[in-house]
Amino acid sequence: MPTLTTLADLTAHLDHLRAAPRETGTLTLVVRRPEPAARELLDEGVIDEAAGLVGDNWLSRATSRAVAEGRHLDAMVTVMSSRMTALLADTDEDRALAGDQLYVDLDLSHDNLPAGARIAFGDGAVLEVSAKPHAGCRKFQARYGADAAAFVNSEEGLRLRLRGLNARVVHGGVVRPGDVVRRLG
């Protein structure tokens, strides 16, 4: 599955990752997680203010404490760099194993999208970037290797948000691969 498997290979592609569009990009993949370890690649997804990506299991995975404190809303939808996943896997099915819902060709770095920044998708869905970190976990490491996890969790990987970001839904809408993704403001 992995296309690039060593830290040196991945590091050699930093310039490509940094070159992601800053203002306007493309939604490349929409993935629903109906249950643990299951992935559905969608031609069309519905983003909802209360449900996140409709049919996804994000809410059932939140702890009761996170729900009680409202912290679960900071991770309604996860967004990852399609440039990063393209370095890790050759097929959309294997890229979807990263575990995120929306994959975009857009600069997700803290410099470009600080917490509170908003991103518009297609004809109306709007997400707000949360401050909640999104780091490579054991599952990510098991799927893509220790070097890939070390790369996305490195100082530069975290600054660029190569593992992706967490967001809350501000405005719902329909999203499709190929949709324009715009940084607002």
### Task
Looking only at segment 105-121, decide whether some residue is crowded, with 18+ Cβ neighbours inside 10 Å, basic (Lys, Arg) and outside any loop (DSSP other than H, G, I, E, B).
no
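Rundown of residues vs (1) hydrophobic (A, V, I, L, M, F, W, C); (2) under 20 Å from Thr28 (Cα atoms); (3) at pLDDT below 95, yes/no style:
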position: Val104; (1), (2), (3): yes, yes, no
position: Asn112; (1), (2), (3): no, yes, no
position: Pro133; (1), (2), (3): no, no, yes
position: Gly136; (1), (2), (3): no, no, yes
position: Lys139; (1), (2), (3): no, no, yes
position: Ala142; (1), (2), (3): yes, no, yes
position: Val174; (1), (2), (3): yes, yes, no
position: Arg182; (1), (2), (3): no, yes, no
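Condition (residue is in a helix (DSSP H, G or I) and either open to solvent by less than 50 Å² (accessible area, probe 1.4 Å) or under 14 Å from Tyr103 (Cβ atoms) (or both)) applied to segment 158-179: is it met by at least one residue?
yes
Do we find that Asp100 is open to solvent by less than 20 Å² (accessible area, probe 1.4 Å) and of a type in the set (Asp, Glu) in this structure?
Considered against the rule, which asks whether it is open to solvent by less than 20 Å² (accessible area, probe 1.4 Å) and of a type in the set (Asp, Glu), Asp100 comes out as yes.
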### Task
Select from segment 128-149 the residues that are among the small types (Gly, Ala, Ser) and in a loop (DSSP other than H, G, I, E, B) and write down the one among them that is nearest to Glu93 (Cα to Cα).
Gly145
### Query
Within segment 47-75, restricting attention to residues that are within 18 Å of Gly173 (Cα to Cα) and open to solvent by 70 Å² or more (accessible area, probe 1.4 Å), which residue is modelled with the highest pLDDT?
Glu49
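The values are calculated or read from the model by the stated rules, or taken from the named source; none is laboratory data. Quick caveat, the model's predicted, so the values are computed rather than measured. Cβ atoms come from the backbone with ideal geometry, glycine included; neighbour counts cover every protein chain shown. For accessibility, only protein heavy atoms count, side chains too; no ligands or nucleic acids. Shrake-Rupley method; radii C 1.70, N 1.55, O 1.52, S 1.80 Å.
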